[in-house]
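What follows is a single structure, written as structure tokens, with notes after it.
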């Protein structure tokens, strides 16, 4: 088998091809067993020897060399949820596959990198690997088509299927949907960060949160009114002027565990070639954080 090098999608797709033909339930992926078994077979003299949890303080995960045993150890923060743990182990597995020769001394990944997807090139590659491994697009699309406006319960079911957080699952859906949709995470009346689908981004539906003044949640929105009812979870229609200058649907729920609100916005499909709010050099609005913007999420 050819070594894909630093090609995270290729690594993840190759591993999923193997997992497809193995007996038993495929999802959620037992990434700890996968990392150890695959590395032992593929790189017997440089394999992953241990995957262990511990109190890591400021680190969320790490990949360390074990010199005397000619191998590697993946360490994760044992105090987090199973979904975050699965993501962290997968992230570090990605570092092992793609970056261990570049980082012979190992790597320590802070919460901002693993949890908030805010790292630079190597971290982005590890995140891409993790997303494609744990939530393969062919399987995701088979359950939620690209042109479907998913309900929060549909997304919750997918998060449970893959054993990841709801936000991770929403972000994955935003990567391939053809609809104009947007995720907004907020706390105490202000937007922490936001992520837009490509279709939404191209039509100016985004919020800049990096190196920008705090953005207040629209007071007339469900989340602005602190309305976390069954109606808010099912979705409510808004007229133009509440979120943006057009109608939209808002789905909002509250995460008391992480003291934040999760809002999903759906807009009508834009006409071909339409472009609202043209602006040169729009950045990708998947989460990017400055140190003062780092927040926990599930």
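What follows is calculated from the coordinates using simple rules that are stated; it is not laboratory data. All of these numbers come straight from a predicted model, not from anything done at the bench. Here the Cβ positions follow ideal geometry from the backbone for every residue, glycine too, while neighbour counts run over all protein chains shown.
Full-extension gain between residue 147 and residue 121, please, as 0.36 nm times their residue separation minus the C-alpha to C-alpha distance.
6.3 nm
Compute the angle between helix 8-21 and the longest alpha-carbon principal axis of the chain, please, reported from 0 to 90 degrees and rounded to the nearest 10.
70
Would you order 39, 211 from fewest to most other beta-carbon atoms within 10 Å of each residue's own beta-carbon?
211, 39
Mind checking the full-extension length gain between residue 269 and residue 103? Use 0.36 nm per residue of separation minus the Cα-Cα distance, one decimal, nm.
55.3 nm
Taking 22 Å as R0, compute the FRET efficiency from the Cβ-Cβ separation of residue 161 and residue 187 and round it to 0.05.
0.20
Obtain the nm distance between the two label points defined at residue 259 and residue 81 by a simple spin-label model: each point lies 7 Å from its Cα along the Cα-to-C-beta direction.
1.7
Give me the Debye-computed log₁₀ of I(q)/I(0) at q = 0.17, 0.20 Å⁻¹ for region 87-196, equal point scatterers on Cα only, no solvent, two decimals.
-0.87, -1.10
Mean-square fluctuation check for the chain, GNM, Cα pairs under 10 Å: which of 27, 93, 129 is largest?
27
Quick check on the exposure proxy: order 88, 229, 177 from fewest to most C-beta atoms within 10 angstrom.
229, 177, 88
Normalised by the number of residues in the chain, what is the relative contact order in percent for Cα pairs under 8 Å and 6+ residues apart?
15
For the chain, modelled as a Gaussian network with Cα springs under 10 Å, which listed residue fluctuates most, 216, 60, 249?
Largest GNM mean-square fluctuation: 216.
For the residue pair residue 240 and residue 216, what label-to-label distance in nm results when each label sits 7 Å from Cα along the Cα-to-beta-carbon direction?
2.3
Using a Gaussian network for the chain with springs between C-alpha atoms less than 10 Å apart, which of these wobbles most: 102, 34, 265?
Looking only at 102, 34, 265, the biggest GNM fluctuation is shown by 102.
Can you sort 209, 252 by how many other beta carbons sit within 10 Å, fewest first?
209, 252
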